[in-house]
Amino acid sequence: MIDKTIYEDKFGAAQSTSESDGSGLTISLRGIELVGECFESLDGLIDKEKFEYIECSGPAEVGSLTNCRFDVQLPIRLVRDGVGETTCLQTDVRIGKRQYSGVCLRLKSNGRLLSSPERCGHFEGALIELQQQFPDGEKLQCCLSCKYSHSHPAGSPIFGGLGCFKKLRESARSIRCKSTLFDF
C-alpha cells in the first residue's frame, strides 16, 4: 500500500509517499531511501545536514531517524450497517529522544471527527480507542482486525511490525495461542 506522507523535523517539512505491506516500510526523503520494519527503525545513510539520526553500530554509516514527525494518510475501510466505504485515517506518528514518542489517530465518521488520545504508545491501542467511539453497527475493517494478522508476542513498535499470515491460511488455522506462533 502506498500512502501520502508528510515528514517534519528541525530541518523543515518534506512531502513523500510511504510504502508498506504491513510488515515492512520504505520511504524516500530528501534524496535518501529509508527502509525498516516500522517508523522507529527506518534506516538509511547518515546525512546530518538533512536529518537527526541515532547512529547504529556496524561498518556502514547508517542510522535511524529521531526527533521527527510523520503525518500519514491511510485509506481504511469503514463498515456501517454492513455497507463498506473507504475513508482516510489521519495518522500522526512522533519519534524522538527529546519529544514524546507515540501515535494519534483521527477519522471522520458520520460528520463527526473521532480522535484517539494524543499520546497513545502504539498504533493498535490508538485504533482500539478510536473504534470504541463508533456507534453500534459501525466498525473498521483493516489488518489489525483480521484473524490472519498478529503482532509479535514480545510486543510491537509504535507503528508497523504486524505479521500477516493471510497467504498461509491453511497453516495458520493450527495456531491456537501465542506459544504456537513460535512453532509456525
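Over all pairs of distinct alpha carbons, what does the Kirkwood formula give as the hydrodynamic radius of the stretch 83-125, in Å?
On the way: mean 1/r = 0.0865 Å⁻¹.
Answer for the stretch 83-125: a Kirkwood hydrodynamic radius of 11.6 Å.
Can you list the residues, at least 5 places off or on another chain, whose amide H is less than 5 Å from the amide H of residue 120, using H built in the peptide plane?
Counting only residues 5 or more places away or on other chains, the set is 103.
So how much slack lies between residue 168 and residue 81, counting 0.36 nm per residue of separation and subtracting their Cα-Cα distance, in nm?
Stretched fully, the residue 168-residue 81 segment lengthens by 28.3 nm.
Apply the Kirkwood formula to the stretch 72-147: the hydrodynamic radius equals the inverse of the mean of 1/r over all pairs of different alpha-carbon atoms; give it in Å with one decimal. Walk me through the intermediate numbers first.
Details: mean 1/r = 0.0774 Å⁻¹.
For the stretch 72-147, the Kirkwood estimate is 12.9 Å.
Once you've got the Cα coordinates, tell me which of 4/139; 4/50; 4/178 are over 29 Å apart.
Violating the 29 Å Cα-Cα cut-off are 4/178.
No value in this document is a laboratory result; all are computed from the given coordinates. Bear in mind the structure is a predicted one, so any value in this text is a computation, not a measurement.
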